[in-house]
Amino acid sequence: MISGSVTFDFSGQVAILTGGASGMSLVAARKFAEAGGHAVLVDIDGARAEAQAASLPGALGLALDVTDEAAIGATVGLVMERFGRIDGLVNAAGIPDTFLPTVEQDSNIWRRLIDIHLTGSYLMARAAGRAMVAQRAGAVVNISSAIAGVLGALPRRNAYTAAKTGITGLTRALACEWGRYNVRVNAVAPGYTLTPFIQQNIDRGNLDKGAMERRTPMGRLGQPAEIADVILFLLSPAASYLTGATIAVDGGWTAYGAAGDAWAEPD
Ligand SMILES: NC(=O)c1ccc[n+]([C@@H]2O[C@H](COP(=O)([O-])OP(=O)(O)OC[C@H]3O[C@@H](n4cnc5c(N)ncnc54)[C@H](O)[C@@H]3O)[C@@H](O)[C@H]2O)c1
(Lines give C-alpha, C1' and ligand atoms only; values in the text may rest on other atoms or scores of the structure.)
Protein backbone atom coordinates (compact mmCIF):
# COMPACT_ATOMS: atom_id res chain seq x y z
CA MET A 1 0.00 0.00 0.00
CA ILE A 2 1.33 3.45 -0.91
CA SER A 3 -0.71 5.65 1.42
CA GLY A 4 -4.09 6.23 2.93
CA SER A 5 -3.83 3.85 5.89
CA VAL A 6 -2.94 6.57 8.40
CA THR A 7 -5.80 7.98 10.48
CA PHE A 8 -5.71 11.06 12.68
CA ASP A 9 -8.24 12.81 14.90
CA PHE A 10 -8.38 16.58 14.42
CA SER A 11 -11.92 17.04 15.81
CA GLY A 12 -12.65 20.71 16.48
CA GLN A 13 -9.21 21.86 15.32
CA VAL A 14 -8.56 24.57 12.75
CA ALA A 15 -5.76 24.59 10.18
CA ILE A 16 -4.93 27.13 7.48
CA LEU A 17 -3.34 25.61 4.38
CA THR A 18 -1.76 27.94 1.82
CA GLY A 19 -1.74 26.73 -1.77
CA GLY A 20 -4.75 24.76 -0.60
CA ALA A 21 -6.49 24.71 -3.98
CA SER A 22 -4.04 22.20 -5.48
CA GLY A 23 -1.43 19.50 -5.04
CA MET A 24 -0.15 18.26 -1.71
CA SER A 25 -1.80 21.06 0.29
CA LEU A 26 -5.23 20.18 -1.11
CA VAL A 27 -4.73 16.50 -0.24
CA ALA A 28 -3.59 17.50 3.27
CA ALA A 29 -6.69 19.73 3.60
CA ARG A 30 -8.91 16.83 2.53
CA LYS A 31 -7.31 14.48 5.05
CA PHE A 32 -7.52 17.12 7.80
CA ALA A 33 -11.23 17.65 7.08
CA GLU A 34 -11.89 13.90 6.96
CA ALA A 35 -10.22 13.66 10.38
CA GLY A 36 -12.78 16.10 11.82
CA GLY A 37 -10.89 19.38 11.52
CA HIS A 38 -11.85 22.69 9.93
CA ALA A 39 -9.53 23.15 6.95
CA VAL A 40 -9.14 26.71 5.70
CA LEU A 41 -7.89 26.49 2.13
CA VAL A 42 -6.27 29.74 1.02
CA ASP A 43 -4.90 30.22 -2.47
CA ILE A 44 -4.19 32.93 -5.02
CA ASP A 45 -6.77 31.03 -7.08
CA GLY A 46 -9.66 31.89 -4.77
CA ALA A 47 -12.36 30.39 -6.98
CA ARG A 48 -10.58 27.03 -6.97
CA ALA A 49 -10.00 27.20 -3.19
CA GLU A 50 -13.71 27.90 -2.65
CA ALA A 51 -14.79 25.12 -5.01
CA GLN A 52 -12.47 22.58 -3.35
CA ALA A 53 -13.51 23.63 0.15
CA ALA A 54 -17.19 23.26 -0.79
CA SER A 55 -16.65 19.52 -1.20
CA LEU A 56 -14.99 19.10 2.22
CA PRO A 57 -16.88 18.90 5.53
CA GLY A 58 -16.44 21.97 7.76
CA ALA A 59 -13.96 23.59 5.37
CA LEU A 60 -13.60 27.17 4.15
CA GLY A 61 -11.99 28.37 0.91
CA LEU A 62 -10.58 31.88 0.56
CA ALA A 63 -8.61 33.91 -1.97
CA LEU A 64 -5.23 34.96 -0.61
CA ASP A 65 -1.94 35.96 -2.17
CA VAL A 66 0.69 35.06 0.47
CA THR A 67 2.82 38.02 -0.61
CA ASP A 68 0.09 40.46 0.45
CA GLU A 69 0.80 41.32 4.08
CA ALA A 70 -2.42 43.29 4.63
CA ALA A 71 -4.54 40.52 3.12
CA ILE A 72 -2.81 37.94 5.34
CA GLY A 73 -3.73 39.99 8.43
CA ALA A 74 -7.34 40.25 7.26
CA THR A 75 -7.56 36.53 6.46
CA VAL A 76 -6.15 35.41 9.80
CA GLY A 77 -8.52 37.87 11.48
CA LEU A 78 -11.45 36.37 9.59
CA VAL A 79 -10.44 32.83 10.59
CA MET A 80 -10.18 33.88 14.24
CA GLU A 81 -13.59 35.57 14.06
CA ARG A 82 -15.14 32.50 12.47
CA PHE A 83 -13.47 29.70 14.49
CA GLY A 84 -11.84 31.43 17.48
CA ARG A 85 -8.55 29.51 17.18
CA ILE A 86 -5.79 28.36 14.83
CA ASP A 87 -4.17 25.03 15.63
CA GLY A 88 -2.25 24.42 12.42
CA LEU A 89 -0.65 26.28 9.54
CA VAL A 90 0.66 24.60 6.40
CA ASN A 91 2.80 26.89 4.21
CA ALA A 92 2.64 25.18 0.82
CA ALA A 93 1.90 28.00 -1.65
CA GLY A 94 4.49 27.98 -4.38
CA ILE A 95 5.44 28.39 -8.01
CA PRO A 96 8.24 26.78 -10.02
CA ASP A 97 11.36 28.67 -11.08
CA THR A 98 11.96 29.68 -14.70
CA PHE A 99 14.79 27.26 -15.60
CA LEU A 100 16.45 30.15 -17.50
CA PRO A 101 20.25 30.52 -17.50
CA THR A 102 21.21 32.93 -14.72
CA VAL A 103 22.59 35.54 -17.12
CA GLU A 104 19.16 35.71 -18.79
CA GLN A 105 17.12 35.83 -15.59
CA ASP A 106 14.91 38.78 -14.70
CA SER A 107 15.35 39.94 -11.10
CA ASN A 108 11.59 40.36 -10.79
CA ILE A 109 11.25 36.57 -11.09
CA TRP A 110 13.83 36.15 -8.31
CA ARG A 111 11.90 38.59 -6.11
CA ARG A 112 8.53 36.97 -6.82
CA LEU A 113 9.78 33.47 -5.95
CA ILE A 114 11.45 34.63 -2.73
CA ASP A 115 8.33 36.64 -1.87
CA ILE A 116 5.97 33.70 -2.32
CA HIS A 117 7.99 30.81 -0.88
CA LEU A 118 10.13 32.41 1.83
CA THR A 119 8.60 35.75 2.80
CA GLY A 120 5.10 34.31 2.36
CA SER A 121 5.92 31.49 4.81
CA TYR A 122 7.33 34.05 7.25
CA LEU A 123 4.33 36.41 7.00
CA MET A 124 1.83 33.56 7.38
CA ALA A 125 3.72 32.07 10.34
CA ARG A 126 3.95 35.46 12.02
CA ALA A 127 0.22 36.15 11.62
CA ALA A 128 -0.98 32.67 12.65
CA GLY A 129 1.78 32.47 15.27
CA ARG A 130 0.29 35.39 17.15
CA ALA A 131 -2.85 33.31 17.76
CA MET A 132 -0.85 30.13 18.50
CA VAL A 133 1.48 31.86 20.99
CA ALA A 134 -1.55 33.33 22.77
CA GLN A 135 -3.20 29.87 22.85
CA ARG A 136 0.04 28.27 24.06
CA ALA A 137 -0.46 25.62 21.39
CA GLY A 138 -0.06 25.21 17.66
CA ALA A 139 1.91 23.58 14.87
CA VAL A 140 3.39 25.16 11.74
CA VAL A 141 4.45 22.97 8.81
CA ASN A 142 6.57 24.65 6.15
CA ILE A 143 7.34 23.05 2.81
CA SER A 144 11.00 23.01 1.84
CA SER A 145 12.43 20.67 -0.82
CA ALA A 146 14.57 17.55 -0.41
CA ILE A 147 16.54 18.36 -3.51
CA ALA A 148 16.69 22.19 -3.42
CA GLY A 149 16.48 22.78 0.34
CA VAL A 150 18.27 19.87 2.01
CA LEU A 151 20.62 17.97 -0.26
CA GLY A 152 22.06 20.63 -2.50
CA ALA A 153 21.02 22.93 -5.29
CA LEU A 154 19.30 22.96 -8.66
CA PRO A 155 21.15 24.79 -11.45
CA ARG A 156 19.20 27.61 -13.13
CA ARG A 157 16.76 27.63 -10.21
CA ASN A 158 18.56 30.15 -7.98
CA ALA A 159 15.55 31.72 -6.33
CA TYR A 160 13.79 28.40 -5.76
CA THR A 161 16.94 26.89 -4.21
CA ALA A 162 17.58 29.96 -2.05
CA ALA A 163 13.96 30.09 -0.88
CA LYS A 164 13.76 26.38 -0.01
CA THR A 165 17.11 26.51 1.82
CA GLY A 166 15.89 29.64 3.62
CA ILE A 167 12.73 27.85 4.71
CA THR A 168 14.76 25.26 6.63
CA GLY A 169 16.50 28.13 8.47
CA LEU A 170 13.24 29.96 9.15
CA THR A 171 11.81 26.69 10.49
CA ARG A 172 14.66 26.29 12.97
CA ALA A 173 14.57 29.94 14.08
CA LEU A 174 10.82 29.97 14.75
CA ALA A 175 10.98 26.57 16.48
CA CYS A 176 13.62 27.85 18.89
CA GLU A 177 11.66 31.03 19.62
CA TRP A 178 8.23 29.43 20.07
CA GLY A 179 9.16 26.17 21.81
CA ARG A 180 8.46 27.80 25.18
CA TYR A 181 4.89 28.50 24.03
CA ASN A 182 4.26 24.90 22.95
CA VAL A 183 4.14 26.04 19.32
CA ARG A 184 6.04 23.58 17.13
CA VAL A 185 7.53 24.51 13.76
CA ASN A 186 8.75 21.85 11.33
CA ALA A 187 9.26 21.47 7.61
CA VAL A 188 8.58 18.71 5.15
CA ALA A 189 11.10 18.47 2.32
CA PRO A 190 9.44 16.53 -0.50
CA GLY A 191 11.31 14.80 -3.25
CA TYR A 192 9.76 14.88 -6.72
CA THR A 193 6.04 14.41 -6.15
CA LEU A 194 3.42 14.04 -8.86
CA THR A 195 1.39 17.23 -8.46
CA PRO A 196 0.37 19.78 -11.14
CA PHE A 197 3.57 21.70 -10.19
CA ILE A 198 5.79 18.84 -11.40
CA GLN A 199 3.49 17.59 -14.16
CA GLN A 200 3.62 20.99 -15.89
CA ASN A 201 7.42 20.92 -15.85
CA ILE A 202 7.46 17.37 -17.23
CA ASP A 203 5.02 18.48 -19.96
CA ARG A 204 7.20 21.51 -20.82
CA GLY A 205 10.29 19.29 -21.11
CA ASN A 206 11.96 20.93 -18.09
CA LEU A 207 12.03 17.66 -16.14
CA ASP A 208 12.68 14.08 -17.32
CA LYS A 209 10.31 11.74 -15.43
CA GLY A 210 12.30 8.59 -16.24
CA ALA A 211 15.57 10.14 -15.08
CA MET A 212 13.95 11.30 -11.83
CA GLU A 213 12.57 7.81 -11.20
CA ARG A 214 15.94 6.17 -11.84
CA ARG A 215 17.70 8.63 -9.49
CA THR A 216 15.27 7.65 -6.67
CA PRO A 217 16.17 4.50 -4.65
CA MET A 218 12.46 3.59 -4.50
CA GLY A 219 12.27 3.93 -8.28
CA ARG A 220 9.21 6.18 -8.47
CA LEU A 221 7.97 9.71 -7.83
CA GLY A 222 6.03 10.47 -4.66
CA GLN A 223 2.26 10.76 -4.51
CA PRO A 224 0.75 13.93 -2.94
CA ALA A 225 -0.96 11.76 -0.31
CA GLU A 226 2.43 10.49 0.87
CA ILE A 227 3.54 14.07 1.59
CA ALA A 228 0.15 14.94 3.09
CA ASP A 229 0.41 12.07 5.58
CA VAL A 230 3.67 13.47 6.94
CA ILE A 231 2.19 16.99 7.07
CA LEU A 232 -0.72 15.62 9.13
CA PHE A 233 1.66 13.70 11.38
CA LEU A 234 3.54 16.96 12.08
CA LEU A 235 0.26 18.76 12.85
CA SER A 236 -0.84 15.96 15.19
CA PRO A 237 -0.04 15.16 18.84
CA ALA A 238 1.97 12.18 17.55
CA ALA A 239 4.70 14.76 16.84
CA SER A 240 4.35 16.52 20.22
CA TYR A 241 8.13 16.57 20.93
CA LEU A 242 9.22 17.23 17.36
CA THR A 243 10.19 20.79 16.47
CA GLY A 244 12.74 22.57 14.31
CA ALA A 245 13.13 19.55 12.04
CA THR A 246 13.11 19.35 8.27
CA ILE A 247 12.00 15.88 7.24
CA ALA A 248 12.89 14.67 3.76
CA VAL A 249 10.08 12.60 2.25
CA ASP A 250 11.79 11.60 -0.94
CA GLY A 251 11.89 7.84 -1.58
CA GLY A 252 15.56 7.88 -0.54
CA TRP A 253 16.79 10.62 -2.93
CA THR A 254 18.87 12.48 -0.32
CA ALA A 255 20.26 9.22 1.10
CA TYR A 256 21.83 8.21 -2.21
CA GLY A 257 25.45 9.17 -2.75
CA ALA A 258 26.84 6.89 -5.46
CA ALA A 259 27.36 7.83 -9.11
CA GLY A 260 24.55 7.24 -11.59
CA ASP A 261 21.11 5.70 -11.19
CA ALA A 262 19.89 4.68 -7.75
CA TRP A 263 17.26 2.23 -8.92
CA ALA A 264 17.61 -1.07 -10.70
CA GLU A 265 15.20 -3.94 -11.46
CA PRO A 266 14.90 -6.11 -8.34
CA ASP A 267 16.76 -9.46 -8.58
N1 LIG B 1 5.71 18.66 -6.30
C2 LIG B 1 6.97 18.51 -5.95
O3 LIG B 1 7.69 17.64 -6.46
C4 LIG B 1 7.57 19.41 -4.90
C5 LIG B 1 8.84 19.05 -4.39
C6 LIG B 1 9.39 19.84 -3.40
C7 LIG B 1 8.70 20.94 -2.92
N8 LIG B 1 7.48 21.25 -3.44
C9 LIG B 1 6.77 22.40 -2.88
O10 LIG B 1 5.53 21.98 -2.40
C11 LIG B 1 4.63 23.11 -2.37
C12 LIG B 1 3.30 22.70 -2.99
O13 LIG B 1 3.55 22.36 -4.32
P14 LIG B 1 2.63 21.38 -5.18
O15 LIG B 1 3.56 20.47 -5.86
O16 LIG B 1 1.53 20.85 -4.37
O17 LIG B 1 2.15 22.46 -6.27
P18 LIG B 1 0.75 22.92 -6.90
O19 LIG B 1 1.13 23.75 -8.07
O20 LIG B 1 -0.14 21.75 -7.11
O21 LIG B 1 0.13 23.85 -5.76
C22 LIG B 1 0.65 25.10 -5.44
C23 LIG B 1 -0.50 26.03 -5.12
O24 LIG B 1 0.05 27.28 -4.67
C25 LIG B 1 -0.78 28.31 -5.16
N26 LIG B 1 -0.07 29.59 -5.16
C27 LIG B 1 0.90 30.00 -6.02
N28 LIG B 1 1.26 31.26 -5.73
C29 LIG B 1 0.52 31.65 -4.66
C30 LIG B 1 0.45 32.82 -3.89
N31 LIG B 1 1.20 33.91 -4.18
N32 LIG B 1 -0.41 32.88 -2.85
C33 LIG B 1 -1.19 31.82 -2.56
N34 LIG B 1 -1.19 30.68 -3.26
C35 LIG B 1 -0.32 30.58 -4.30
C36 LIG B 1 -1.16 27.85 -6.55
O37 LIG B 1 -2.30 28.54 -7.04
C38 LIG B 1 -1.40 26.36 -6.32
O39 LIG B 1 -2.76 26.10 -6.00
C40 LIG B 1 5.37 24.24 -3.12
O41 LIG B 1 5.94 25.10 -2.16
C42 LIG B 1 6.47 23.52 -3.86
O43 LIG B 1 7.58 24.34 -4.07
C44 LIG B 1 6.90 20.51 -4.42
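The values are calculated or read from the model by the stated rules, or taken from the named source; none is laboratory data. What you are looking at is a predicted structure, and each value in this text was computed from that prediction instead of being measured. Glycine gets a Cβ as well: all are built from the backbone with ideal geometry, and neighbour counts include every protein chain shown. Areas reflect the complete protein model, heavy atoms only, side chains present, ligands, DNA and RNA absent. Shrake-Rupley method; radii C 1.70, N 1.55, O 1.52, S 1.80 Å.
Once the other residues with Cβ under 12 Å from the Cβ of Trp263 are scored (Lys, Arg +1; Asp, Glu -1), what is the net sum? Taking every other residue near Trp263 into account, the sum is 0.
Dividing the Cα radius of gyration by the Kirkwood radius, what Rg/Rh value follows for segment 14-247? Looking at segment 14-247, the ratio lands at 0.95. Per residue, segment 1-121 exposes an accessible area of 45 Å² to a 1.4 Å probe, with every protein chain left in place. Each Lys or Arg adds one and each Asp or Glu takes one away; over the other residues whose Cβ falls under 12 Å from the Cβ of Ala189, this sums to 0. Near Met124, once Lys and Arg are set to +1 and Asp and Glu to -1 for all other residues with Cβ below 14 Å from its Cβ, the sum equals -3.
Computed over protein heavy atoms with a 1.4 Å probe, the accessible surface of segment 159-212 works out to 41 Å² per residue. The apolar share of the surface of segment 14-247, taken as the fraction of accessible area on carbon and sulfur atoms (1.4 Å probe, ligands and nucleic acids excluded), comes to 54 percent. Dipole size of the chain about its Cα centre, with +1 on Lys/Arg Cβ and -1 on Asp/Glu Cβ: approximately 580 debye, rounded to the nearest 20.
Residues whose amide H lies under 5 Å from that of Ala139, counting only those 5 or more places away or on a different chain, are Gly88, Leu89, Arg184; hydrogens are built 1.01 Å from N in the peptide plane. Applying the criteria of a DSSP loop state and at most 12 other Cβ atoms within 10 Å to the trypsin sites (Lys or Arg not before Pro) of segment 135-191 yields Arg136. Per residue, the chain reaches -12500 deg cm²/dmol at 222 nm when only DSSP H runs of four or more residues are counted, each adding -39500 (n - 2.57). Charge dipole (Cα centre; +1 on Lys/Arg Cβ, -1 on Asp/Glu Cβ; no other charges) of segment 1-158 amounts to roughly 340 debye.
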